[in-house]
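Notes follow once the structure below has been shown.
The values are calculated or read from the model by the stated rules, or taken from the named source; none is laboratory data. Quick caveat, the model's predicted, so the values are computed rather than measured. All Cβ positions, even for glycine, are placed from backbone atoms using ideal geometry, and neighbour counts span all protein chains on display.
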Amino acid sequence: MPRVRLVGEDGEQIGIKDTKEALEYAYSRNLDLVEVAANADPPVARVMDYGKWRYEQEQRAKQARKHQSTINVKEIKLRPKIGVHDYETKKGHVVRFLNQRAKVKVTIMFRGRENLHPERGRMLLDRLAQDVKEIGQVEQQPTLDGRNMVMLLGPTKNAGVKRDAEDEDRERGEEAVQGDRSGKAPAPARNEEPQPHEEVVEA
């Protein structure tokens, strides 16, 4: 490019200059000559501290990434005839995901003639939504998607909030008393959580 439209370090329009002259102008101020509009006629070049400019651009990009919200969606798959134990296990997964501030896509999978009774899937999804309403809210109502029925849950402001230590102690005390009254020690909690890498849990 033999000529450029030169812009000074403070944004002032200096005018059209030969490229060599523009470079000398920049170097005389211990600054760089940076092309900022290559498609203009003639191209626009600005006098600046290129290192400082790059740093500022990187900081702006970093701030922009920091303010971007990453939406994490987990999926739980259920069958319409799921048993009580399996339902409680899957509900535990939903609770854990919501407490991690993730959205949860709950899918009811119909097979064979089960798709003739979509109301069973809807009842199951409504029951789950009711069971987790303290930490999860329905963001997408149950809808049929082919042979599946899908509902989307999102975390509420209560999701991930730890309960008061005093409340937890009181509950543990109540459990201990109930165990003593029955003559049996409380059953140890079963660890039914999926491995950390699991994204989809099926019934």
Within the range 120-131, can one find any residue that is of a type in the set (A, V, I, L, M), surrounded by fewer than 11 Cβ atoms within 10 Å (Cβ to Cβ) and not in a loop (DSSP other than H, G, I, E, B)? no
Looking at Leu31 and the list (1) more than 41 Å from the chain's Cα centre (by Cα); (2) at pLDDT below 90; (3) not small (Gly, Ala, Ser), which single condition is not satisfied? (2)
Condition met for Tyr55 (among the hydroxyl-bearing types (Ser, Thr, Tyr), under 38 Å from the mean Cα position of the chain (by Cα) and at pLDDT 90 or above): yes
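Quick check on this structure: which one of Val44, Val36, Val73 is surrounded by 12 or more Cβ atoms within 10 Å (Cβ to Cβ) and within 21 Å of the chain's Cα centre (by Cα)?
Every option except Val73 fails the conditions.
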